[in-house]
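Following: one structure in structure tokens, then a few remarks.
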């Protein structure tokens, strides 16, 4: 059913049919838009009689639901879509006409009823807009962000919402600019820096915004990632990925009321480095930006300009979404090969939108999924990277078993990978077959979660503790790709090294996270042959501050 409010002298009016009874009239008076939310006096009439009068935040999904439930108790049935339609026209009529640069992008929230454009045209328009202001490193990144914009308008149709994680090695790479542009084309934008856990889950539960969370690196980097504040925010982000996700908190005056806060909403996260906890990163599509070169030119970002560019586009997206939600609900598109279970789940809503658009978008979406979240994407944990390096060592040496010291020596010889910076100094200083205690213990700790442990072995006349290929068989089969394919994309492939993360933390190592830490390869240690080798800082004990 289409609801079409009509303009009245006092505001807006909408007739809602009732089965076996006279229609109900909803009258909106004194509507005001503040922080992107419409708050108005709502009068419900049956004929000349007033059923109820209430002050309602029409933009808030929870407020609308409470109002609808209250009316149902009075025997009045009003679909929530009717309130959404009133919210739409109130937003449209509240737009300032002076083109003020202080204009809230959320005031462009809803389209005038009747505006409609094909989805493929909308996606092309969003792509053109983003390309004017942001330099993407690959077409796959641009495709992902464009489809995510459409998803933000239709996330009510799906069970999970993919996160966008925009990050770079250094500042001034376009991360915040991308969020600023997105703010003008997504529904109910909330561009925020450093919210507390309580602010975050209450805001999401009350208003269901599109979260544009900037500077997440200030929360999840280094020792800060182990604070109670960071743990609370991580829980909200983990739970908010799935529609059924809630965070239970004590609320009320005396903090004795247990409330499940729903935290499901579209989310884009931005910051320097790939510093997100692994559980959050697995829910993300990585968008890695870099500082522009002099030959790469973008348009100047001005609010008065962006408003003029996006006003009709955002309205058209909202209009499209009003009917597309039902089309997308329950759709299970064919997913490309090379994606793991979580990656398939992340990309499924976006691929469904691409299929709905047609033209080149279905192929582009599937290619982007493979490029950004495929098995060979640069998103493996340190433990999985270590497994890949060990398998490569075993293959290169054609060995069925290796002593711990021999394995460590082979690992630190892989100078374009992290291991030289972690263990190189102590391994090089070890005499003959002496096993450096600290690197050996750390190697064993990294392998223990994969159920791989050092055992007594014998090779010819030598005896000692080491590792057998057979002991890695199960871990190799479960966590690495079959032989003959690229197994693990490490920081090595990009010419970077990384400092060792705490052993009690799970961290995704990428070239960007390494660069963001300001690491260099300038620590020199003389080999016995007089040459030098580069090292990063030696590894620390778990929990030791750097």
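The values are calculated or read from the model by the stated rules, or taken from the named source; none is laboratory data. This structure is a prediction, so every number in the text was calculated from the model and none was measured. No Cβ is skipped: glycine too gets one built from the backbone with ideal geometry, and neighbour counts run over all protein chains shown.
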Criterion first (buried (at least 20 other Cβ atoms within 10 Å of the Cβ), under 30 Å from residue 371 (Cβ atoms) and touching a residue at least 40 places away in the same chain (Cβ under 8 Å)) does residue 466 satisfy it?
no
Quick check: anything in the stretch 373-386 in a helix (DSSP H, G or I), over 23 Å from residue 281 (Cα atoms) and at pLDDT 90 or above?
no
For residue 434, are the conditions met, namely being farther than 30 Å from residue 341 by Cβ, in contact with a helix residue (DSSP H, G or I) (Cβ under 9 Å, 6 or more places away or on another chain) and in contact (Cβ under 8 Å) with a residue 12 or more places away in the chain?
yes
Would you say residue 420 is touching a helix residue (DSSP H, G or I) at 6+ places or on another chain (Cβ under 9 Å), at pLDDT 90 or above and assigned by TED's automatic domain parsing to the domain that holds residue 468?
no
Going through the stretch 197-233 in order, the residues found to be in contact with a strand residue (DSSP E or B) (Cβ under 9 Å, 6 or more places away or on another chain) and outside any helix (DSSP H, G or I) are 208, 209, 210, 211, 212, 213, 214, 215, 216, 221
Tally the residues that are more than 15 Å from residue 466 (Cβ to Cβ) and surrounded by 23 or more Cβ atoms within 10 Å (Cβ to Cβ), restricting the search to the stretch 418-447.
7
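Let's see how each residue does on (1) surrounded by fewer than 16 Cβ atoms within 10 Å (Cβ to Cβ); (2) modelled with pLDDT of 95 or more:
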| position | (1), (2) |
| --- | --- |
| 108 | no, no |
| 114 | yes, no |
| 131 | yes, no |
| 150 | no, yes |
| 165 | no, yes |
Does residue 300 satisfy the condition of being without any contact (Cβ under 8 Å) to a residue 12 or more places away in the chain and under 24 Å from residue 183 (Cα atoms)?
yes
Assuming residue 169 fulfils every condition listed in (1) crowded, with 22+ Cβ neighbours inside 10 Å; (2) in contact with a helix residue (DSSP H, G or I) (Cβ under 6 Å, 6 or more places away or on another chain); (3) modelled with pLDDT of 90 or more apart from one, which condition is it?
(3)
Which number in (1) more than 17 Å from the chain's Cα centre (by Cα); (2) within 19 Å of residue 281 (Cα to Cα) marks the one condition that residue 120 misses?
(2)
Given the criteria modelled with pLDDT of 90 or more and either farther than 20 Å from residue 392 by Cα or not assigned by TED's automatic domain parsing to the domain that holds residue 276 (or both), does residue 455 qualify?
yes
Quick check on residue 144: is it touching a strand residue (DSSP E or B) at 6+ places or on another chain (Cβ under 7 Å) and part of a helix (DSSP H, G or I)?
yes
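Residue by residue, here is whether (1) under 30 Å from residue 306 (Cβ atoms); (2) crowded, with 21+ Cβ neighbours inside 10 Å; (3) touching a helix residue (DSSP H, G or I) at 6+ places or on another chain (Cβ under 8 Å); (4) touching a residue at least 40 places away in the same chain (Cβ under 8 Å) holds:
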residue	(1), (2), (3), (4)
179	yes, yes, no, yes
186	yes, yes, yes, yes
195	yes, no, yes, no
200	yes, yes, yes, yes
205	yes, yes, yes, yes
233	yes, yes, yes, no
251	no, no, no, no
Counting only residues that are surrounded by 17 or more Cβ atoms within 10 Å (Cβ to Cβ) and modelled with pLDDT under 85, which one in the stretch 6-39 is nearest to residue 67 (Cα to Cα)?
39
Given the condition farther than 23 Å from residue 323 by Cβ, at pLDDT 50 or above and not assigned by TED's automatic domain parsing to the domain that holds residue 151, answer yes or no: does some residue in the stretch 75-84 qualify?
yes
Among (1) closer than 30 Å to residue 166 by Cβ; (2) outside the structural domain of residue 335 (by TED's automatic domain parsing); (3) surrounded by 20 or more Cβ atoms within 10 Å (Cβ to Cβ) - the single one residue 364 does not satisfy
(2)
Which listed residue is touching a residue at least 12 places away in the same chain (Cβ under 8 Å), surrounded by fewer than 19 Cβ atoms within 10 Å (Cβ to Cβ) and in contact with a strand residue (DSSP E or B) (Cβ under 8 Å, 6 or more places away or on another chain), from 415, 332:
415
If you go through the stretch 2-49 one residue at a time, how many are within 22 Å of residue 63 (Cα to Cα), in contact with a strand residue (DSSP E or B) (Cβ under 8 Å, 6 or more places away or on another chain) and in a loop (DSSP other than H, G, I, E, B)?
4
Look at residue 439 and say whether it is part of a helix (DSSP H, G or I), over 30 Å from residue 119 (Cβ atoms) and at pLDDT below 90.
no
Could you please let me know if residue 201 is over 16 Å from the mean Cα position of the chain (by Cα) and assigned by TED's automatic domain parsing to the domain that holds residue 263?
yes
Counting just the residues of the stretch 59-83 that are part of a helix (DSSP H, G or I) and touching a strand residue (DSSP E or B) at 6+ places or on another chain (Cβ under 6 Å), which one comes out surrounded by the most Cβ atoms within 10 Å (Cβ to Cβ)?
67
Does residue 483 count as at pLDDT 90 or above, part of a loop (DSSP other than H, G, I, E, B) and surrounded by fewer than 19 Cβ atoms within 10 Å (Cβ to Cβ)?
no
Let me spell it out: the conditions are (1) over 19 Å from residue 145 (Cα atoms); (2) in the same structural domain as residue 181 (by TED's automatic domain parsing), and residue 348 meets all of them except one. Which number is the exception?
(1)
